[in-house]
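Comments concern the structure below.
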Amino acid sequence: MKKLSCLSLALIAAGLIGCGSATNTQQIKTAPGAPGDKPFWTYSDKTGIGTSYEVYKNGQYANDAQTGEVSKVWFSIAKGMITETMFGLIHQAQIRDMQFVVTGKDFTVTERDELEVSIDYLYKDNQGRPLSLAYKVVSTDKQGRFTLEKHIFTDPDGQTLFVRAKVDTQLSGVKAFVNVNPYVNNNGLNDSATVTDKGLVAWEADNFLTLQSSTGFEQASVGFTGSSDNLNELKKSHALTSTYQRTGDTKGNVNWLAELGEVKGSATFDLALSFGKSQAESFAQGAAALNKGYNKVLAHYNGQGDYIGWEDYLTSLKPMQRLANYTTDSGKLLNVSALVLKAQEDKTHAGALIASLSNPWGDTVAAEQGHTGYKAVWVRDFYQVAMAFMAMGDPDTALTSFEYLEKVQVMDGTPGNQGDTGWFLQKTHVDGELEWVGVQLDQTAMPVMLAWKLWQAGVLSDEKLVYWYERMLKPAAEFLVDGGLAKILWNDTQITPPATQQERWEEQDGYSPSTTAAIIAGLVTASDIAKLAGDKAGEQRYLDTAKKYNDTVEKLMFTTEGNLKGQDTDGEYFFRIARDENPNTSTKLGDNNGRTGLDKRQIIDGGFLELVRYGVRGADAPSILKTLPEYEDETLPENLRVKYSFTFAGDPNSYPGYRRYGNDGYGEDEVKGTNYAEGGQNTPGQRGRVWPFFTGEKGHYEIAAAAATKGLTKDVVTRIKHTYVRGMEHFANEGLMLPEQVWDGVGVNPFGYQLGEGTNSATPLAWTHAEYVKLVRSLADKNVWDHYPIVSEKLK
C-alpha cells in the first residue's frame, strides 16, 4: 500500500496519521464480505470499569459546573481487553472490544489468545487503596516473547477514551497493531467504516467513532468482521499484505485494524478512541486529548494537584476512614465500591443508577439490535445503591437519585398506560423508556422507604418531603393499599396486595416474605410521612393496612408441614413464595428459567431475613429462628440446597455463600456447560449459582441478632468482620469488582472457574457493592444501616 498522507508536524502532534512507510502492501478501495459475522456482545465478567468524575450543579450534570464539560464516556475491561465502551447514555455501547496484536517474524499473538494477565490501579494511596478508576493491565506472552502494558482512563474534559499501550520485547522484527470492533449506537449490524488521513472512522447515522494515535498509523485497514477484517491474514503471514480503505455502501459488522509501529526493545503508543455527532467533532475530541498528553489527562482524571477528579470524590466521603477499620483489606474494596457505584450513574439523567455496566453472558447474546443488558434502572437495585451512598457519606447523589425516581413511576402521562397509577416500573432505560413492565411491589415500597431515610438524615427537609409525598409517595402508598389494574404494553393484570405479580427475582407471583417486608415497611413509613403532611386519613389508613398485612405473614408464608429433607430440617420454615393462601398445600410454583416448577414448600430463599432487616420481625422471632436451620443446611439435595461454604487459597477459614433459592435456573447449564439461555433458549440443566450479596444479607442478620441480645461486643464484631466482610472481599476479582454470581462447584465447568470465582453473569453488580458498603457501615455503627425502627415500634 502507498503511505498514508504525510501531514505537518503540528497535525501529527494532534494525533493524526503518521508518515511511516509501508511496503509490499496491496491497497484495495472497498472491503468485501459484507455484512460480516453475526454480532454478539462480549464477556460480562468485568475486571474493571471507568468513567470520569463530574460534579453536580444544582443536582444535575452541566458543562458549566465546577468540573467543566461533562464527559459521557464509560469503558469496561474483561480478560485483559478493553470491552464495551459507552458514549452518550450509559447503555449506548459504541464498541464490542479493542485489542492489541503483536507480531514477530514467525508469530502473531492477539489479546484474545492465552496471555498471562494482571490488572491493577494506576493511582493508589500508601496503603494500596485505589484512588481512581484508572487501570494498568499487563499481558505477558506465555512464551516470553513480549509484554504488553496498557493504561486506560478517559478524558474528563472531552469525549475520549485514552489508552497508552507499551510493548517490551528482546526480539527483533516485532510490530504492534490495534484492532477494534465498532458497535456504533449500541448494535453491531448497521455500521460503516473508512480510513482517512486523520485516522479510522466508523459511523451509524449521526453517531461517529474515531481512532487516532499520537505517533500515527504505519498502515490501516477497515473491513467486515470475520470476512475482511485482515486478522486471519495477519495470523498467517504476520504482516498486512492488503488493506481496505472503506466498507462501501453496505452496512454491517465492521472492524478496524491498524499498524502502530515497530518495537525496538520498547515502544509506547498513545491512542484516542473518541466520539461525536460528526466525523470532525469526533476527531477534534481525540486530537484535544492527545494534545494535552498522557500526564495531564491522567492527573485530571485522578484529581491530582489543582484538578478535580476521583480522589476529590473519595475525600468528600467523610465516613470512609472510619469504615476502613471494619474491613480486612484496609479499605481497598471499600474505596473501589464507592468509585464503582458513582461511576454507574448516567450523566444525562442525573441520579439514574444502573444495575451493572455489563450484559449478562454477553458473548452469547446477539447484538443485532440495541440492548441494555443490566445497564438499566431497576428500582430495587437502585434503592440498595442509594442507601449505600448515604452509608458512605454521599447524600447529594442519594438525594438526586431519589428525585430521579418520578421518571419511572407509572402515572397518567406514562406512555401506553391504560391502567392504574402509583406503582414503579420493573425495568427502564435511564431516560425512562419502558423495557419491562411487571409489577413488583417491593419496588413500589422502596421509594417511600428511601424518602423516609433521607428525611430522618436531614437530607430531605419537611417541606420537600411533603412536596414529594403529594407528588410521588402518596400515589405509591395508595397502590400498596388498594392495588389496581396494571395495563401497559403486554401487562394486563389486577394486582391485589400484598400478593405481587413478581417478587424480587422477577419470576413468580404470589405472597413473598421479602416483598411483604418491604410493603409493610413502605406503608409504616408512608404513615409517618402522611402525619407530617397533615394527611390524617392517610396516616391511619397506611398504618392499619401495614398491621393487617403483618398479621398474614406467617399465615401465608410459613409452613408447619414442610417436606424438605436434610439433617437440620423440621418441617417449619418460611418458603420463597406462595401462589395460594394455605402455606401447607403442595401448590407448585411456575416453570421458570428452564426449571420445572416444584411444590412451594420445597423452595426456600433468604427473603425471610428482610423481615428482620426492615423491622417487621425481630431477629429472635420464632418463625425466623425456625427457618435458619433450613437456610443453612448444606445436606439438602443439590438442586434445593441454598448454602455453600467456600475456602480460598492462603486462607484456612471457610466462608458462607448462598444461592437465590432452591431450583434456581438463572445460570450456566450444569450438564452442557453452556451459558444461560445460550442460543436464545432456556435448558433444563441451567443452574443459578451463589450470589455474594447474600453473604452480606446474612452478615446483616448476625448484626441484628447480636444487637437484640448482648449487643455487638468486640468478639462479635471481630467474628462478623472476619466471616461476612472478609467473605465478600474474597468474592471480589483481581480488579476488586464484585460479581452477581460465583462458581459453586456444581456441574461441568468448561470455563475453568475456580470455586468462589465470578462467573460470566454480571460483574460488577451494583447491588453487591452496595451490600458490602452497607455491611461495613452497619458493623461500624453496631446497628443495621437500613433498619427501620419505626416499623417495629408501630407494629406493636
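Laid out as a table, the results:
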| read-out | value |
| --- | --- |
| Those GluC sites (Glu not before Pro) in segment 606-671 that DSSP places in a loop and that have at most 13 other beta carbons within 10 Å | Glu634, Glu638 |
| Given Lys79/Lys166; Lys588/Lys698; Lys536/Lys782; Lys318/Lys474; Lys531/Lys555, the pairs whose alpha carbons are separated by over 25 Å | Lys588/Lys698; Lys536/Lys782; Lys318/Lys474; Lys531/Lys555 |
| Options Tyr383, Tyr467, Ala367, ranked by Cα towards positive dipole end of segment 348-494, top entry (Cβ charges) | Tyr383 |
| Rounded to whole Å, sorted largest first: equivalent-ellipsoid semi-axes of segment 642-795, Cα gyration tensor | 31, 18, 13 |
| Net length gained if the chain between Asp306 and Val748 were fully extended (0.36 nm per residue, minus Cα distance) | 153.8 nm |
| Of the trypsin sites (Lys or Arg not before Pro) in segment 612-684, those whose Cβ has at most 16 other Cβ within 10 Å and which sit in DSSP loop | Lys672 |
| Charge sum, other residues only, whose C-beta stays under 10 Å from Thr30's C-beta, Lys/Arg counted +1 and Asp/Glu -1 | +1 |
| Against the rule of thumb 2.2 N^0.38 Å, how large the Cα Rg of segment 301-386 comes out | 1.34 |
| Antiparallel DSSP beta bridges within the chain, as percent of all bridges there, nearest 5 | 95 percent |
| q = 0.14, 0.18 Å⁻¹, segment 161-292: log10 I(q)/I(0) [Debye, one scatterer per Cα] | -0.61, -0.97 |
| Added length on full extension, which subtracts the Cα-Cα distance from 0.36 nm per residue, Thr709 to Thr364 | 119.2 nm |
| Nearest-20 debye value, segment 221-323 charge dipole, Cβ charges on Lys, Arg, Asp, Glu | 180 debye |
| Point-charge dipole on Cβ atoms (K/R +1, D/E -1) for the chain, about Cα centre, debye to 20 | 1120 debye |
| Which labelled figure in [x] 27.0, 86; [y] 33.4, 104; [z] 38.9, 128 is Rg and Dmax of the Cα atoms in Å, once derived from the coordinates | [x] |
| Helix-only CD estimate at 222 nm, as mean residue ellipticity for the chain, using -39500 (n - 2.57) per DSSP H run (n ≥ 4) | -8500 deg cm²/dmol |
| Whole-Å distance, taken between Cα centres, linking segment 430-460 and segment 154-215 | 40 Å |
| Area accessible to solvent at Glu406, 1.4 Å probe radius, in Å² | 70 Å² |
| Distance from segment 320-395 to segment 623-641 (C-alpha centre basis), Å | 30 Å |
| Dipole moment magnitude, nearest 20 debye, segment 48-313 about Cα centre, only Lys, Arg, Asp, Glu C-beta charged | 380 debye |
| Percent carbon-and-sulfur accessible area, the chain, ignoring ligands, DNA and RNA, probe 1.4 Å | 47 percent |
| With Cα atoms, 0 to 90° folded angle of helix 536-550 axis to the chain main axis | 90 degrees |
| Within straight-line cross-link reach of Lys672, lysines at Cα separation under 21 Å, skipping those fewer than 8 residues along the same chain | none |
| Solvent-accessible ranking of Asp97, Asp544, Asp363, Asp599, largest area first, probe 1.4 Å | Asp544, Asp363, Asp599, Asp97 |
| Label-point separation, Thr647 to Thr587 (7 Å along Cα→Cβ), nm | 4.4 nm |
| Percentage relative contact order, the chain, counting C-alpha pairs under 8 Å, at least six apart | 12 percent |
| Local net charge near His238, Cβ-Cβ under 9 Å (Lys/Arg +1, Asp/Glu -1) | +3 |
| Alpha-carbon centroids, segment 289-318 and segment 692-758: separation in whole Å | 33 Å |
| Net +/- balance of residues flanking Lys774 in space, Cβ distance below 11 Å, scoring K and R +1, D and E -1 | -2 |
| Diffusion coefficient, µm² s⁻¹, Stokes-Einstein with Kirkwood Rh over alpha-carbon pairs of segment 113-171 at 10 °C and 1.306 mPa s | 123 µm²/s |
| Within segment 244-274: backbone nitrogen closer than 16 Å to the Ser237 label point (7 Å, Cα to C-beta) | 244-245, 257-259 |
| Per residue value of the accessible surface for the chain (all protein chains in place, 1.4 Å probe), Å² | 34 Å² |
| Two-site label geometry, Arg112 and Trp490: point separation in nm, points 7 Å out along Cα→Cβ | 3.2 nm |
| Charge dipole (segment 348-494, unit charges on Cβ, about Cα centre) - positive-most of Gly393, Leu489, Val408 | Gly393 |
| Solvent exposure ordering (accessible area, 1.4 Å, most first) of Tyr542, Tyr56, Tyr307 | Tyr307, Tyr56, Tyr542 |
| Helix 622-632 vs. the chain, principal-axis angle (Cα, 0 to 90°, nearest 10) | 40 degrees |
| P(r) weight above 21 Å for segment 348-494, C-alpha pairs, percent | 44 percent |
| Degrees between helix 693-708 axis and first principal axis of the chain (Cα, 0 to 90, nearest 10) | 40 degrees |
| Low-density loop cleavage sites - trypsin sites (Lys or Arg not before Pro) in segment 161-267, where at most 11 other Cβ are within 10 Å (DSSP) | Lys264 |
| Straight-distance crosslink candidates among lysines, where the alpha carbon sits under 20 Å from Lys38 and sequence neighbours closer than 8 are dropped | Lys251 |
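The values are calculated or read from the model by the stated rules, or taken from the named source; none is laboratory data. Here the structure is a predicted model, which is why all the values come from computation and not from measurement. When we count neighbours, we look across all protein chains shown, and the Cβ atoms used for this are built from the backbone with ideal geometry, even at glycine. Please note that ligands, DNA and RNA were not included when accessible areas were found on the heavy atoms of the full protein model with its side chains. Shrake-Rupley method; radii C 1.70, N 1.55, O 1.52, S 1.80 Å.
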